[in-house]
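Note sheet for the following structure.
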Amino acid sequence: MDGGELLIATFVLAAGTFAFRFAGPVLRTRVHLSPRAQRLMALAAVVLLAALVATSALTEGHAFAGFARPAGVLVGGVLAWRKAPFVAVVVAAAATAALLRLAGVP
């Protein structure tokens, strides 16, 4: 792919992204979802986020990431659930994983 094709592809993707983002506010008053569909969409967002966290926490490449990373994610999750400040959540999760790896836990 040469520079011209890459530039055209970038502009096409940018235009499509803008069109999708613009369609939301414009069509919001015209499209009405049932309360059940709204609940399902909210639940789907939570499920997708949980799947992303689980995949990132448990795997590295195509293999198990070891026990240190999931332990760090668990500590961060508990602190976030307890409404700890974001910086404290990140530092505690990273410190947990780092200390476990320092201790020899994979």
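Are there any pairs, at least 6 apart or on different chains, whose C-beta atoms fall under 7 Å, with the first in the range 71-84 and modelled with pLDDT under 95 and the second outside any loop (DSSP other than H, G, I, E, B) and not acidic (Asp, Glu), and if so, which?
VAL73/VAL53; VAL73/ALA57; VAL73/ALA93
Here is a list: ALA54, ALA65, ALA15, ALA50. Which entry is more than 30 Å from PRO106 (Cβ to Cβ) and not charged (D, E, K, R)?
From the options ALA54, ALA65, ALA15, ALA50, the qualifying one is ALA15.
Might you let me know whether the range 86-101 holds any residue that is modelled with pLDDT under 95 and touching a helix residue (DSSP H, G or I) at 6+ places or on another chain (Cβ under 6 Å)?
no
Would you check which residues across the range 93-106 are open to solvent by 70 Å² or more (accessible area, probe 1.4 Å) and closer than 22 Å to LEU52 by Cα and list them?
PRO106
Residue by residue through the range 37-92, note down the ones that are part of a strand (DSSP E or B) and open to solvent by 80 Å² or more (accessible area, probe 1.4 Å).
Result: GLU60, PHE64.
How many of the residues making up the range 61-70 are at pLDDT 95 or above and farther than 21 Å from LEU102 by Cα?
Here the count works out to 0.
The values are calculated or read from the model by the stated rules, or taken from the named source; none is laboratory data. Note that the structure is predicted; figures quoted are calculated from it, not measured. Backbone-built Cβ (ideal geometry, glycine too); neighbour counts: all protein chains shown. When the accessible area is computed, the model is the full protein with side chains, heavy atoms only, and any ligands, DNA or RNA have been set aside. Shrake-Rupley method; radii C 1.70, N 1.55, O 1.52, S 1.80 Å.
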